[in-house]
Amino acid sequence: MARFLGGFSLTELVVAVAILAIIVTTAAPLYRGYVEHTRRAAMVEEMVALAPLQEWLKRSAGAYAGGEFDRSRGIDSLPKSLGWRPHTGDQWAVVAFEDFWVARAGERGVAVCRRFPENVACSDTFEAK
């Protein structure tokens, strides 16, 4: 009877699995950071795209408009107040003040807050200055 000599030994398999585990534990946080950065950039891009519409509303109607959008709760007042609907982010809030407006967006643990017309990052509070 012939003996089968091909295949891998248990030691070789353990070494291969250990190397694979090291690669995965190193790559997973880098990939997660990349995905979060991409989500954040997409939300900021939409906020910047909303700015000309808000400025037009300020000039024509005399005030900025605000509204809310939440996919999970079915809240969608942004199209009514702004004529605009976000493409990214699960939750949006656009808060209008007399001289500025703030847009906040969030999606899967990533949140962005920008203050306009300056287009700067804002704090978690919407206090008028």
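Each value in this text was obtained by applying a stated rule to the coordinates, not by laboratory testing. What you are looking at is a predicted structure, and each value in this text was computed from that prediction instead of being measured. Methodologically, a virtual Cβ is constructed for each residue, glycine included, from the backbone with ideal geometry; neighbour enumeration extends over all protein chains shown.
In a DSSP loop and with at most 13 other Cβ atoms within 10 Å, the trypsin sites (Lys or Arg not before Pro) in the stretch 1-51 are 3. One decimal place: the segment residue 26-residue 38 gains 2.4 nm when fully extended, by the rule 0.36 nm per residue minus the C-alpha distance. Mean projection of the Cα convex hull over all viewing directions, computed for the stretch 56-129: 5.2 nm². For the chain, relative contact order (Cα pairs under 8 Å, six or more residues apart, normalised by length) works out to 18 percent. Each principal axis of the Cα cloud of the chain was taken in turn, and the coordinate range along them, longest first, works out to 93, 28, 22 Å. With loop membership from DSSP and a limit of 15 other Cβ atoms within 10 Å, the longest segment of the chain without GluC sites (Glu not before Pro) is 1-97.
Label reach from residue 49 (point 7 Å along Cα→C-beta): in the stretch 66-104, amide nitrogens under 12 Å belong to 84-89.
Electrostatic tally near residue 35: other residues with Cβ closer than 13 Å to its Cβ, Lys and Arg +1, Asp and Glu -1, net +2.
Name the residue farthest towards the positive end of the dipole of the chain from the options 112, 29, 86, assuming +1 on Cβ of Lys and Arg, -1 on Cβ of Asp and Glu, about the Cα centre. Looking along the dipole axis, the top candidate is 29.
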